[in-house]
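Since the structure comes first, as structure tokens, the remarks are kept for the end.
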Amino acid sequence: MEKDLKDWHAQAWKPGQAWSKMATFRFRAEPAHAPLQRKNVRTGQTVPNNQGQKEHEQISNCEFLPYAHLGLGGQLGHELRFAYGTTDSTGKINAVCDSAFYISRQGGCTLSAVSSVEWKQGRGYDIAYTHYWKACYDKADTYPMKPSKIILGCAVNGTGRSPETSHLWRVRDPESTNSNARSRTRCHSLWPTYSTAGQECDEYPFQSAGNRNAVSDFDRNLSVCAMPRAHNGGAGGVLNRLYLRDRVLIGDGYFNRFATQLTSPPKMADLCWKPINTGSDYYNPPIP
């Protein structure tokens with residue numbers, strides 16, 4: 001994009017107004033040009049780039065430095081501003097392109113930024129909203145009962161951000177199906193007839209979160225709640241849109257934000273479907 005200096009200045013900035021949008025950039029990477037190896041951002045390990053394997057994705061990174069060429073051999077003295085994405089101290093931008101078939105058949109690119117989903121009330125999944133909020137910030141009153149349980153993926157309350165060590169990360173089957181099966185076992189124990197009454201077993205962290213496994217679930221580091229299908233399904237749709245629109249790949253991290261802080265959330269016994277089985281092993285805290 002080339003402009004005369006005075007034309008550039010006239011278009012980009014007007015006194016007392018915000019900077020104007022100058023251009024939109026699109027990226028495309030050819031699968032054949034993908035490197036043979038790549039670094040797993042979450043683990044820091046060098047892994048194969050899965051060339052030719054249908055069940056995985058190839059990833060290419062494109063790094064570029066934005067600058068304005070003035071036509072006199074110089075560069076603009078101030079930093080260009082981008083509406084989305086991250087820059088390091090040099091102003092370098094990293095675009096990540098992938099061929100993940102489970103997101104789209106044609107592949108796509110995103111800027112390198114940690115994804116997050118913002119949950120909102122009044123969107124048809126209020127019970128799920130309250131469930132996730134309590135799992136994050138009132139975990140002592142969640143099922144299975146265990147006041148000291150460890151729950152990840154939550155923005156630090158009031159900041160809208162989450163430490164990298166607390167991010168959830170995505171998996172698919174068979175891990176996802178196995179996690180859901182363990183959740184439903186706990187729901188059937190707590191609400192024995194929920195599945196025949198039009199209810200579904202909501203879970204946090206989600207079944208597609210790789211942070212969960214048989215050991216962590218046995219240690220009760222999760223929350224389940226039987227609720228109407230519409231609320232569980234509505235929340236699932238929001239999560240799937242995050243995966244698709246932000247191109248969250250297997251192993252990619254993300255976290256959860258909440259538009260409204262709950263000052264007086266209901267007890268889980270009142271939030272979830274009734275009746276609850278007070279004789280369930282998951283109704284009371286584990287015996288030390």
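Each value in this text was obtained by applying a stated rule to the coordinates, not by laboratory testing. It should be emphasised that the depicted structure is a prediction, and the values quoted were computed from it without experimental measurement. Every residue, glycine among them, receives a Cβ derived from its backbone with ideal geometry; neighbour counts consider all protein chains shown.
Some points to look at:
- Cross-link pairs K120/K146; K120/K149; K149/K267 - those with Cα-Cα distance over 23 Å: K120/K146; K120/K149
- As a proxy for reagent exposure, ranking D217, D126 by other Cβ atoms within 10 Å from fewest up yields D126, D217.
- Directionally averaged shadow of segment 109-217, computed from the convex hull of its alpha-carbon atoms, nm²: 8.7 nm²
- Cβ-to-Cβ counts within 10 Å put C225, C97 in ascending order as C97, C225, the fewest first.
- At 1.002 mPa s and 20 °C, Stokes D of segment 135-283 from Kirkwood alpha-carbon radius, µm² per second: 135 µm²/s
- Size estimate for segment 213-288 follows the Kirkwood approach: the inverse of mean 1/r over distinct Cα pairs works out to 15.8 Å.
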